[in-house]
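The values are calculated or read from the model by the stated rules, or taken from the named source; none is laboratory data. Just so we're clear, the structure is a prediction, and the values are computed from it rather than from any experiment. Every residue, glycine among them, receives a Cβ derived from its backbone with ideal geometry; neighbour counts consider all protein chains shown.
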Amino acid sequence: MASFSGRHSRHLLGLQGMTPDQIEPLLDLAESYALLNRSRKVPRDVLRGRTLINLFFEDSTRTRTSFELAGKRLGADVINMSVAQSSVNKGETLLDTAATLNAMQADLLVVRHSQSGAPALLAQKVEACVVNAGDGTHEHPTQALLDALTIRRHCGRFAGLTVAICGDVAHSRVARSDIHLLTTMGCKVRVVGPPTLVPNGFKSLGVEVFHTMEEGLRGADVVMMLRLQRERMSSGQIPSAREYFRFYGLDQRRLALANKDALVMHPGPMNRGVEIDSLVADSDQSVIQEQVEMGVAVRMAVLDRLTRGRHSA
Ligand code: ASP
């Protein structure tokens with residue numbers, strides 16, 4: 001059944017409100033795709049005859065490429081609409097774009113947009129299944145699913161794990177999706193960063209708020225670093241990159257405050273020397289490349305689940 005969240009069962013727009021019963025089977029399916037990917041034995045007919053359109057209004061490297069790979073590995077026809085060259089730049093509205101895409105009879109639309117809520121708006125106007133590939137500061141559900149899968153592979157559980165999400169939490173859709181998912185699965189989630197980037201209001205999402213790395217990292221099983229999203233910042237939210245690294249960068253000395261063998265994660269793209277030191281990013285504790293690998297598997301699982309049992313367009 002393609003049931004992710006009751007109201008939008010055809011779509012994956014966010015993880016808020018999803019239950020463990022919906023999340024676990026999706027992670028199991030993604031795990032099986034991860035194994036098939038490694039053995040190069042992916043069934044090519046799962047999405048045969050389906051059309052997937054990648055519609056990215058914001059830059060992306062990993063997410064767009066991995067949706068493309070995921071679709072192609074399962075046999076879909078994949079089209080990357082380059083928004084820079086499309087009519088959107090000639091003033092076409094999002095809803096006109098939706099009507100055009102409807103006429104093209106796509107089965108799956110993967111949408112990234114700088115405005116929170118844009119994929120949800122599109123979802124109301126198109127016949128296709130819509131997957132949110134990151135909207136403004138709202139959600140990035142497939143990133144959180146791949147983070148969860150990576151954590152589960154290493155720790156074997158979620159309940160009782162302490163996960164510290166550090167850095168520019170305020171502007172991060174990744175942080176919001178991770179918070180919804182990991183708290184639902186029973187993790188203790190902390191958000192760590194300067195008050196300008198980690199407002200106390202986050203407590204209402206069921207997380208603990210820390211303003212020093214020294215307090216926030218102590219006893220953590222997973223340390224997830226976030227990129228400074230300068231494109232979404234107003235001036236004055238951070239001093240200089242150098243100052244930021246001095247107080248909030250993850251280096252070996254700070255990582256030693258977390259539990260022994262704590263996982264180091266980052267959704268990418270990384271700013272080395274700003275939020276994370278290269279020695280940590282490339283260390284044995286880092287699972288950053290595995291996150292990328294799991295990204296393909298999770299996106300295969302999502303595309304499979306959303307289209308299963310649906311007639312193709
Ligand atoms: N790639 C992630 C996103 O699109 C994280 C980032 O850009 O910092 O939200």
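Somewhere in segment 244-265, is a residue under 12 Å from Gly167 (Cβ atoms), within 14 Å of the ligand (Cβ to nearest atom) and either among the β-branched types (Val, Ile, Thr) or in contact (Cβ under 8 Å) with a residue 60 or more places away in the chain (or both)?
Yes, segment 244-265 has at least one match.
Given segment 211-280, what helices (runs of 4 or more DSSP H) lie entirely inside it while holding 3 or more residues that are within 27 Å of Ser60 (Cβ to Cβ)?
It comes to 241-248.
How about segment 190-211: which of its residues are of a type in the set (Ser, Thr, Tyr) and touching a residue at least 24 places away in the same chain (Cβ under 8 Å)?
Thr196
Tell me the helices (runs of 4 or more DSSP H) entirely within segment 45-162 that contain at least 2 residues that are over 30 Å from Lys260 (Cβ atoms) and within 16 Å of the ligand (Cβ to nearest atom).
Because the criterion is at least 2 residues that are over 30 Å from Lys260 (Cβ atoms) and within 16 Å of the ligand (Cβ to nearest atom), the helices (runs of 4 or more DSSP H) in segment 45-162 that meet it are 62-73, 118-125, 141-155.
Taking Phe158 as the residue in question, decide whether it is closer than 24 Å to Leu279 by Cβ, aromatic (Phe, Trp, Tyr) and surrounded by fewer than 24 Cβ atoms within 10 Å (Cβ to Cβ).
no
Results for (1) of a type in the set (D, E, K, R); (2) at pLDDT 95 or above; (3) over 26 Å from Val42 (Cβ atoms), shown as yes or no for each residue.
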| site | (1), (2), (3) |
| --- | --- |
| Gly91 | no, no, yes |
| Asp96 | yes, no, yes |
| Leu101 | no, no, yes |
| Val111 | no, yes, no |
| Ser114 | no, no, yes |
| Ala118 | no, no, yes |
| Leu122 | no, no, yes |
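Restricted to segment 249-273, and to residues that are surrounded by 20 or more Cβ atoms within 10 Å (Cβ to Cβ) and aliphatic (A, V, I, L, M), which residue is nearest to the chain's Cα centre (by Cα)?
Here the answer is Met265.
Out of everything in segment 33-44 that is in contact (Cβ under 8 Å) with a residue 24 or more places away in the chain and in a helix (DSSP H, G or I), what residue ends up being nearest to Thr150 (Cα to Cα)?
Within segment 33-44, the match that is nearest to Thr150 (Cα to Cα) is Ala34.
If I filter segment 274-313 down to residues being free of Cβ contacts under 8 Å to residues at least 60 places away in the same chain and within 18 Å of the chain's Cα centre (by Cα), which single residue comes out as surrounded by the fewest Cβ atoms within 10 Å (Cβ to Cβ)?
It comes out as Gln289.
Among the listed residues Thr212, Thr183, Thr196, Thr137, which satisfies the condition of being of a type in the set (Val, Ile, Thr) and under 28 Å from Glu31 (Cβ atoms)?
Thr183 is the lone residue from the list that is of a type in the set (Val, Ile, Thr) and under 28 Å from Glu31 (Cβ atoms).
Could you list all residues from segment 168-196 that are within 13 Å of the ligand (Cβ to nearest atom) and farther than 30 Å from Leu303 by Cβ?
Answer for segment 168-196, where residues must be within 13 Å of the ligand (Cβ to nearest atom) and farther than 30 Å from Leu303 by Cβ: just Ala170.
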